[in-house]
Structures are given as structure tokens and as C-alpha cells.
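This report refers to the structure that appears directly beneath it.
The values are calculated or read from the model by the stated rules, or taken from the named source; none is laboratory data. Please read all numbers here as calculations on a predicted model, not as lab measurements. Note that we place each Cβ from the backbone using ideal geometry, even for glycine, and neighbour counts take in every protein chain shown.
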Amino acid sequence: MRTASTSRAAARLPLVLLGCLALVACKGPKPGDAEAKESKAPEAVPVEVALVTTRPIAASYTGTAPLEPRSEAQVIAKTSGVALQVFAEEGQVVRAGQTLVRLDAARSALQAAQSSAQMRKLQANFARSQQLAAQKLVSASDNDQLRYDLENARAANRLANLELSYANVAAPISGVIAQRSIKPGNFVQINTPIFRIVDTSRLEAVLNVPEREIATLKRGQPVNLEVDALPGRTFTGTVDRVAPVVDSGSGTFRVICAFPGGGLLQPGMFGRLRIDYDSRADALVVPRAALLEDENDPAVYVVRNGKAIRVPVKLGYSEGGFTEVRQGLRNGEQVVVAGKTALREGSDVQVLGDKKAPRVAPAAPVAAR
């Protein structure tokens with residue numbers, strides 16, 4: 001049996017259900033949320049840029065080589081004897097023909113005197129023989145024999161005097177004493193090296209250059225030299241000689257570069273050389289860091305209207321940290337030098353250090369309720 005209160009509760013139940021459904025409908029997604037999420041713009045990629053500029057640039061060949069003296073000589077003892085006096089020390093500048101060592105020449109002097117006496121004796125005999133031959137008192141054969149003996153004695157005397165002159169050891173070239181291997185009182189054997197002289201008035205560096213450069217490197221081209229022993233300093237020279245043939249074994253040819261000596265440069269120093277064979281005074285250049293890592297298809301990212309645009313370029317010479325662009329860019333354009341790996345064609349970018357406000361995508365319209 002139903003009571004009156006039960007009947008009233010059953011009558012209110014449909015109204016409660018309708019209220020719950022209305023509450024759930026109010027808490028559901030708004031009509032404009034999906035469209036706003038779909039239209040949200042991607043974040044801009046932070047990058048660093050550099051301007052395309054003009055500057056002088058040169059085409060060059062670089063290589064390494066030690067410096068060598070233009071001429072060098074070993075001073076050899078041409079006779080044996082005790083070194084009585086040594087007149088030169090290491091580091092001393094000497095001239096060609098200057099006496100460096102005086103050896104004991106007593107034996108050579110006696111031999112020269114003996115040969116001289118024999119020569120004078122034969123000269124007197126030959127003079128008398130000529131007088132007697134004129135009077136037909138000496139045969140022609142005897143007179144000829146005396147003449148031959150006199151010529152032999154003269155040669156022996158010249159040889160003895162030459163041996164005597166070897167006691168004074170002279171410098172064969174002008175230069176600096178680089179090594180001394182003798183002291184006063186030493187006994188010197190014949191053909192023993194006792195000094196080494198180097199001519200430092202002009203130094204040379206020999207480069208073995210690949211054959212593909214044979215048409216570009218010529219005599220007289222300027223050469224810049226930097227040596228490890230003198231950091232921060234650059235020395236200037238020229239290409240002195242270019243070998244006319246290519247070595248078939250190595251595929252290289254020799255290029256000899258000359259530098260003035262007598263200063264800080266010394267033989268034996270190891271140097272880095274750059275030969276400039278062409279130059280452009282007003283070349284359009286970009287930093288090397290702007291180039292994408294694709295040698296077969298060189299390109300850069302250019303910032304245009306807040307987006308990264310991949311632009312193919314034609315390259316020219318490279319020098320230092322710059323590369324010449326022959327085609328593809330204009331002076332004053334911005335190229336990306338840092339942050340390239342995160343970019344794609346058309347990516348939004350934010351230039352680091354740019355005072356302009358970042359580019360913001362327009363807000364999506366909200367649907368009316």
C-alpha cells in the first residue's frame with residue numbers, strides 16, 4: 001500500500017535526473033577549444049646570425065716545410081798536421097777565403113824548399129845546355145832531356161807549395177760558423193771535417209706541391225711565412241724557383257720559396273707557408289660557420305621575415321674564417337651561423353640578441369556560445 005510521501009518522492013525523481021544531465025553538459029568541452037589547440041603555432045628556434053659582407057679575399061696554397069740555408073759547406077782538412085791556431089768560433093761570421101785554422105807545416109815547408117832548389121839547379125843546367133847547343137857542342141836529345149827535367153821540377157815545386165798552402169785552412173764560402181770540430185793542439189787527419197759553414201743571408205723552404213697546382217704557382221708570387229719559434233709574427237718572401245717536372249712516384253713538384261736572412265729567421269726552423277696566387281678586393285663573403293655540411297650541394301640558411309630559408313650558393317675562394325659566395329646571396333642578408341641543426345625549410349626563428357619583439361602567431365578565434 002503506497003503512502004502519500006512515497007508518491008511525492010516518485011514524482012520528483014525525473015526532475016533530479018534532468019538537473020544532473022544539465023550539470024554534466026555544462027562541464028563538457030567548450031566549442032572553441034579544439035580549434036584553438038589545432039591553430040597553436042610552433043615555437044621559434046633560437047639562432048645566431050651574421051651579415052653577408054664584402055671584403056678582400058685571396059686564393060692561396062698552404063704547406064709546411066723547414067727553413068734551409070741557400071748554401072752550406074763542410075770545411076775539410078786537405079793535409080795532416082797539428083792545429084797550431086784556431087781563428088773561428090761557432091756563431092762567428094766569416095768571409096770566403098778567410099783563414100780558419102793554421103796547421104803545423106814544417107814538413108811541407110822543407111819539401112817546398114827542396115823542390116825549389118832542384119828546380120833552380122835544372123834551370124841553370126838548361127841555360128848552359130842551350131848555349132852549348134847553339135855551338136853544336138850538345139846534342140839536341142840531351143838538350144830536350146834537360147828541358148823535360150826542368151818542367152818536371154817546376155811541377156813538383158808547385159805541388160809542394162800547394163801542399164804548404166793547405167796548412168792554412170780557409171773558408172770556402174761566406175757565412176756563419178755553425179759547427180766547430182777542432183781545438184788547438186788537436187792532430188788533424190787529411191779529409192777530416194773540422195767546420196760547418198752556413199750562408200744565412202738567404203733562406204729557402206722547399207714545398208712538395210700536388211700536380212693539380214702546377215698551373216697556379218709561378219715564380220715571383222708572394223709567400224707569407226709563420227714559424228712556431230716566433231708566434232704572432234709573419235715574414236714575407238717570394239717563390240724563387242718552380243720545378244718544371246712532376247715526380248712520377250709522388251705526383252708532386254718542387255716549389256722553392258726564398259726569404260731574406262740575417263734577422264730572426266734561422267736555418268732549421270719549421271714554418272707554415274701560404275702562397276697567394278690570386279685575390280679579389282671586393283668579394284661577397286660569409287663566415288664558414290654559415291655553410292651547411294654538404295660539399296656536393298653548398299647552401300646556407302637565410303633569415304627572411306622571421307623564417308629560415310635554405311638558399312643554395314656557389315662558392316669561390318676561402319681565406320681564414322670566411323668563404324666567398326659567387327652566387328645566391330645579396331650584401332646585407334642575415335645567414336644563420338649557430339643553431340642550423342634544429343632548422344628545417346620554413347622554420348620560425350628567433351635571432352638571439354635581436355631587440356625586436358619575438359614573432360607571435362595570431363590567436364585563434366573563439367567560437368560564440
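When residues in segment 332-346 are screened for being surrounded by 10 or more Cβ atoms within 10 Å (Cβ to Cβ) and either at pLDDT 85 or above or in contact with an Asp or Glu (Cβ under 6 Å, 6 or more places away or on another chain) (or both), 6 of them pass. Within the set 211, 204, the sole residue that is among the charged types (D, E, K, R) and either modelled with pLDDT of 95 or more or more than 16 Å from residue 261 (Cα to Cα) (or both) turns out to be 211. Before we move on, is residue 19 modelled with pLDDT under 85 and either surrounded by fewer than 16 Cβ atoms within 10 Å (Cβ to Cβ) or outside any strand (DSSP E or B) (or both)? The answer is yes for residue 19. Listed by first and then second residue, the pairs with beta-carbon distance under 6 Å, at least 6 apart or on different chains, first residue in segment 127-155 and assigned by TED's automatic domain parsing to the domain that holds residue 114, second aliphatic (A, V, I, L, M) and not in a helix (DSSP H, G or I), are 129/138; 132/138.
Taken together, the residues in segment 176-203 that are in contact with a Leu (Cβ under 7 Å, 6 or more places away or on another chain) and charged (D, E, K, R) amount to 0. Checking 231, 260, 222 one by one, the residue that is touching a strand residue (DSSP E or B) at 6+ places or on another chain (Cβ under 8 Å) and over 13 Å from residue 275 (Cα atoms) is 260 and no other. Is it the case that segment 301-318 has a residue that's charged (D, E, K, R), assigned to a strand (DSSP E or B), more than 15 Å from residue 336 (Cα to Cα) and in the same structural domain as residue 333 (by TED's automatic domain parsing)? Looking for residues that are charged (D, E, K, R), assigned to a strand (DSSP E or B), more than 15 Å from residue 336 (Cα to Cα) and in the same structural domain as residue 333 (by TED's automatic domain parsing), one finds at least one in segment 301-318, hence yes. Filtering segment 109-131 to residues that are modelled with pLDDT under 90, surrounded by 14 or more Cβ atoms within 10 Å (Cβ to Cβ) and over 17 Å from residue 148 (Cβ atoms) leaves nothing.
Taken across segment 249-266, residues that are closer than 29 Å to residue 89 by Cα and without any contact (Cβ under 8 Å) to a residue 40 or more places away in the chain do occur, with at least one present. Looking at 304, 326, 274, 310, just one residue is within 25 Å of the chain's Cα centre (by Cα), among the basic types (Lys, Arg) and at negative phi, and that residue is 274. Return yes when residue 369 is modelled with pLDDT of 85 or more and exposed (fewer than 12 other Cβ atoms within 10 Å of the Cβ) and no when it is not. For residue 369, the condition - modelled with pLDDT of 85 or more and exposed (fewer than 12 other Cβ atoms within 10 Å of the Cβ) - is not met. Restricting to segment 214-225, count the residues that are touching a Lys or Arg at 6+ places or on another chain (Cβ under 8 Å) and exposed (fewer than 15 other Cβ atoms within 10 Å of the Cβ). Residues meeting the conditions: 1.
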